[in-house]
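Below is one structure, written out as structure tokens; comments come after it.
Read-outs: derived from the displayed coordinates by stated rules, not from any lab. Not measured: the values here are computed from a predicted model. With ideal geometry, Cβ positions are generated from the backbone for all residues, glycine too; neighbour counts draw on all protein chains shown.
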Amino acid sequence: MRVLMIAPPGAGKGTQGALIAAHFDIPHIATGALLRDHVARQTELGRAVQRHLDRGELVPDPVVLDMVRLELLAAKAAGGGYVLDGIPRNMQQARAAYLIARELDMTANVALHLKADDGELRRRLLARAALEHRSDDTDEVIRRRLAIYHEVTHPIVSWYGERGILVSVDAMRPVKDVGREILAALEVMRALVDHVPAGARRPIDLTSLGVAFGESAPV
Ligand code: ADP
């Protein structure tokens with residue numbers, strides 16, 4: 001199974017990415033965690049990106065793309081599956097990551113989009129700040145990360161819709177409910193991907209059930 005995740009900060013990418021990786025026994029490639037590890041170890045790369053992370057800004061594309069190429073090569077050696085968490089974050093990264101994956105013959109089967117509204121995301125990130133002390137979980141930096149998500153990351157979602165690999169999930173619910181829905185959807189997709197080419201599929205939107213029952217839609 002080859003999955004990439006598109007989600008705003010605080011939607012639960014890391015948690016759900018780990019769940020998917022454990023369930024399918026595939027590597028979890030989380031760019032934010034890899035970058036934070038470089039910063040913690042004060043590697044050359046870590047020193048170069050620390051300022052970007054602290055400010056909640058994207059690090060330069062070539063840095064993450066080189067890192068991801070190495071991780072994908074390792075994933076290929078380990079069997080070919082992966083869950084990518086944290087990349088792509090803009091359209092250039094989406095195209096570049098697609099080309100890298102195509103060259104390695106391991107393009108994503110599913111683009112998993114986690115939806116949640118800004119109020120809930122801000123609450124979750126501030127709650128996490130009290131526990132984890134990430135340098136970017138402050139009010140001002142959270143605002144910047146959410147703004148960047150809306151401006152440059154969210155627009156990629158429709159690109160995956162056009163490619164036929166998009167699955168959207170409502171991430172406003174308790175983490176276990178979201179996880180259960182994700183695994184159910186991915187199990188169905190796993191059965192499907194070898195038989196139905198992406199071009200013949202339609203985006204799957206699991207976020208609108210509540211709307212049918214009179215609730216307001218997540219954004
Ligand atoms: P979150 O989604 O909560 O912001 P991440 O752990 O995914 O958390 O990312 C943390 C930070 O790492 C980002 O704010 C950014 O500075 C950097 N980062 C992670 N992935 C990328 C990427 N693909 N391109 C550029 N910067 C990235």
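Quote the relative contact order of the chain in percent (integer), defining contacts as alpha-carbon pairs under 8 Å separated by 6+ residues.
28
Where nothing but the Cβ of Lys and Arg (+1) and of Asp and Glu (-1) is charged, how large is the charge dipole of the chain around its Cα centre, in debye to the nearest 20? Don't jump to the answer; show the numbers that get you there.
On the way: 28 positive and 28 negative charges, 21 e Å.
Value, rounded to 20: 100 debye.
Please state the charge dipole magnitude for the range 97-219, taken about the Cα centre, from unit charges on C-beta atoms (+1 on K and R, -1 on D and E), reported in debye and rounded to the nearest 20.
Working: 17 positive and 19 negative charges, 18 e Å.
Taking the Cα centre of the range 97-219 as origin, the dipole is about 80 debye.
What net charge do the residues around D117 carry, taking every other residue with its C-beta under 13 Å from that of D117, with Lys and Arg at +1 and Asp and Glu at -1?
+1
Within a Cβ distance under 13 Å of I6, other residues only, what is the Lys/Arg minus Asp/Glu net charge?
Net of charged neighbours comes to +3.
Give me the net charge for the shell around T15: Cβ to Cβ below 14 angstrom, other residues only, Lys and Arg +1, Asp and Glu -1.
Charge balance near T15 sits at +2.
Let's see if you can work this out: charge +1 on each Lys and Arg Cβ, -1 on each Asp and Glu Cβ, no other charges. What is the dipole magnitude of the range 69-134 about its Cα centre, in debye to the nearest 20?
160
Output the direction-averaged projected area (hull surface divided by four) of the convex hull of the alpha-carbon atoms of the chain, in nm².
One quarter of the hull surface, i.e. the mean projection, equals 11.9 nm².
If each of A78 and R123 carries a label point 7 Å out from its Cα toward its Cβ, how far apart are those two points in nm?
With each label point 7 Å from Cα toward Cβ, the separation is 3.5 nm.
Which three lengths, in whole Å and largest first, does the range 1-124 cover when its Cα atoms are put on their principal axes?
35, 35, 26
How would you rank T138, T207, going from fewest to most other Cβ atoms within 10 Å of each one's own Cβ?
Final ranking by Cβ density, sparse to dense: T138, T207.
How do E57, E151, E71 rank when sorted from fewest to most other Cβ atoms within 10 Å of their own Cβ?
With the fewest neighbours first, E57, E151, E71 line up as E151, E57, E71.
Using +1 at the C-beta of Lys and Arg and -1 at the C-beta of Asp and Glu, which of I29, V178, L206 has the Cα lying farthest in the positive direction of the dipole of the chain?
I29
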